[in-house]
Amino acid sequence: MKKQKLNNLITLGGTSVLCVVMAVLYSVGALDGNHMLKGMLVLIGIHIIWALSLNLTVGILGELSLGHAGFMCVGAIFGGTVSQIIRANAAECPPGIRLLITLVVSGIMAAVFGLLIGIPVMRLRGDYLAIVTLGFGEIMKSIANNIYLTLDANGLHFGFTKPPENVDEATAKQILKGSIGMQTPQDTNIWWVAAILIITLFVMMTFINSRSGRACMAVRDNYIAAQSVGINVTKYRLMAFTISAGIAGIGGALYAHSVPMITFGKFDYNFSILILVFVVLGGLGSMRGSVIATIILYALPEMLRKVNENIVNARMLIYAVILILLMLWKNAPFFINLREKIKARFKKSDTARSGGAEA
Amino acid sequence: MTDIAKNENDIMLEVRELSIQFGGLRAVDELNMKVKKHALYGLIGPNGAGKTTVFNMLTGVYKPTTGAIFLDGANITGKSPVEINKSGIARTFQNIRLFKGMSVLDNVKIGMHNQVKYTAIEGILRFPRYFKEEKMMNAKAEELLAVFGLENEKDTLSQNLPYGKQRKLEIARALATNPKLLLLDEPAAGMNPNETAELMNTIRFVREEFNMTILLIEHDMKLVSGICEELTVLNFGQELCQGETSAVLNDPKVITAYLGE
């Protein structure tokens, strides 16, 4: 118990310090010489938020969700729409307030979608649940790619698969442009990402170490036994799924406001899998693992790009090989034995030393 | 009339004409059973007799086709497992079902899930009520673990416990739900004679310490004859014999059912 608490404090403290240091360095311009790192920081932060939120579904609840990008997409759409409406109607609104409203709306909307999807989906388990979430992710992406929304003096005009007609051309402003995407105000900065990341990590950890989080893990470990001790299985599965979706949505909105132009085609199946890879390699249920794995695996392809011009073409190949090696390192019997041997050797030298001290 | 009323007051579990049908198979057929308060009651029978099916109906995993179940006078027929646990039945499983990835202490704390009331928001934002109730839970869980001699292993992952201790932890978790009636499904399965003897003491101790009514399924006749006061014998889903332990075990019908003609 004490050890677990200490571990959590280390994770939360370490991540917070890292976030603040990076944000300060970024703000004072210490990173100006390093364009790659500067460009990557905000994106790494957002990816960590996504990985943490997915870890709640996959690691804590134990259900494989392949449609996480769907919730990010929901967050991005609602967030982008809200911020653009605010920009058009209340230009004097400071960016900070605008982003705050945006994040709240997108988080709530993504959570509502999570709840609505969760009600039917949480009756399923295992592979079936994975397939349904996969479908949801693809449906969200396709719908987002076909929504047109135009704002004019008379209000909002909505069109599906084609731009809305009968708009007042003089004052018309396109908010959502189907597969072209949307142009959001770039309100996200490193401080917002750092703050949301730390809050997310805090929420995850306190949730896991509360009555509700334990109930979720009980459902993961043994469904029937969880029911037999009086845990309302559906309620806690739905709760974890909804929280996970809401945080993914907030991440989506942050992302939508960090890039000048966003197309919803990005939130596809491959993107869900990318985040899942971060979570799985970081360790299911391990928040610290998710943070570290995301930093390494996100930075890796970019670093490889910089090493050598020749490597640029082969960098995804190298990335894949490293992924495979990491998986083998974690799971192959040969490497597990090797790790045990190394551990045993360290222990032996430890005991020998302490034995010597006693003598 | 007064006789019946008196009877109903000291009966913890009453099963009336309980039957369940799976397709063409009548797994349990018109079972009647009365378990007195504070009793140690055994449910025995050859393999496939329907003992675990009875347990699954008592705990709401299966809905009985016909018949009724009364716990302490209240009708609990057809309720969900969660509701039945809340009304006071806790159980262990034939094949141990612990929460493997969690510590021993957390396993017991999950058993107390419904005894604390703080909400998810209060837990996430760490309201004072969270600290108060968690402290209460920790103290109570450690007390329970001490009863079962598991206090030194409270931080161990439950899957790393030796087999006998896993069985004990499962009983501790069941007791943590604060039940009136404890159902034990083959508690001695896979245990050696020493462990079984220890288990018998534990079960007796649990009954006295927690003033518990215990209904158990068991194949180990030494355990059954050693601690059970009354028995019901099932064979092919039907009640074969019922009564005091020594009388039942010497009944020629029971011996035939177990050993053949």
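The values are calculated or read from the model by the stated rules, or taken from the named source; none is laboratory data. Small disclaimer: the values here were computed from a predicted structure and weren't measured. All Cβ positions, even for glycine, are placed from backbone atoms using ideal geometry, and neighbour counts span all protein chains on display. These area figures cover heavy atoms from the full protein model, side chains too; ligands, DNA and RNA do not enter into them. Shrake-Rupley method; radii C 1.70, N 1.55, O 1.52, S 1.80 Å.
Looking at chain B, the accessible area is 45 square angstrom per residue; that uses a 1.4 Å probe and ignores ligands, DNA and RNA. When GluC sites (Glu not before Pro) are flagged only if DSSP places them in a loop and at most 13 other Cβ atoms lie within 10 Å, the longest unflagged stretch of chain A comes out as A:170-308.
Between the Cα long axis of helix A:190-208 and the first principal axis of chain A there is an angle of about 60°, rounded to the nearest 10. Among the lysines, which fall within straight-line cross-link reach of A:Lys173, defined as a Cα-Cα distance under 26 Å, with same-chain neighbours fewer than 8 residues apart omitted? Of all the lysines, those that pass the test against A:Lys173 - Cα under 26 Å, at least 8 places apart if same chain - are A:Lys141, A:Lys162, A:Lys266.
Annotation for the stretch A:102-151 versus the stretch B:18-75: alpha-carbon center distance of 43 Å. Residue order by solvent-accessible surface for B:Ile121, A:Ile77 is B:Ile121, A:Ile77, largest first, with ligands and nucleic acids left out and a 1.4 Å probe. Using a 1.4 angstrom probe on heavy atoms only, work out the carbon and sulfur share of the accessible area of the stretch A:2-307 in %. Exposed carbon and sulfur together represent 66 percent of the surface. Multiplying the residue separation of A:Phe160 and A:Leu325 by 0.36 nm and removing their Cα-Cα distance gives an extension gain of 54.8 nm. Over the stretch B:101-178, the fraction of Cα-Cα pairs per 10 Å bin, rounded to whole percents and listed from the shortest bin up, is 20, 49, 25, 6. What the phi angles of the stretch B:112-119 give under the Karplus curve with 6.51, -1.76 and 1.60, with θ = phi - 60°, is a coupling list of 8, 3, 8, 8, 10, 10, 5, 8 Hz, glycine and proline written as x.
Fraction of C-alpha pairs exceeding 17 angstrom in the stretch A:1-127: 72 percent, rounded to a whole number. For B:Leu234, the amide hydrogen comes within under 5 Å of the amide hydrogens of B:Ile44, B:Gly45, B:Leu240, counting only partners 5 or more places away or on other chains and with H modelled in the peptide plane. For the stretch A:78-155, the list of trypsin sites (Lys or Arg not before Pro) that fall in a loop by DSSP and count at most 16 other C-beta atoms within 10 angstrom reads A:Arg123, A:Arg125. Can you work out the FRET efficiency for the pair A:Lys173 and A:Ser27, with r the C-beta to C-beta distance and R0 = 30 Å, to the nearest 0.05? After rounding to 0.05, the efficiency reads 0.40. Excluding ligands, DNA and RNA, the accessible surface per residue across chain A is 47 Å² with a 1.4 Å probe.
Panel note: contact residues of the stretch B:92-112 (accessible area lowered by at least 40 Å² against the chain on its own; 1.4 Å probe) correspond to B:Phe93, B:Arg97, B:Phe99, B:Met102, B:Ile110.
For chains A and B, what's the summed buried accessible area, probe 1.4 Å, to the nearest 100 square angstrom? If you can, show how the numbers build up before the last one.
Numbers: alone 18250 and 13070 Å², together 28780 Å².
Chains A and B together bury approximately 2500 Å².
Among the listed pairs A:Lys347/B:Lys140; B:Lys36/B:Lys63; A:Lys348/B:Lys135; B:Lys37/B:Lys140; A:Lys347/B:Lys100; A:Lys5/B:Lys140, those with a Cα-Cα distance over 30 Å are A:Lys347/B:Lys140; A:Lys348/B:Lys135. Size descriptor for chain B, Kirkwood hydrodynamic radius: 19.4 Å (Cα pairs only, one decimal). The distance between label points at A:Leu37 and B:Met136 comes to 5.1 nm (points 7 Å beyond Cα on the Cα→Cβ vector).
Estimate the FRET efficiency between B:Glu208 and B:Leu259 by the formula 1/(1 + (r/R0)^6), using the beta-carbon distance for r and 41 Å for R0, to the nearest 0.05. For B:Glu208 and B:Leu259, the calculated efficiency is 0.75.
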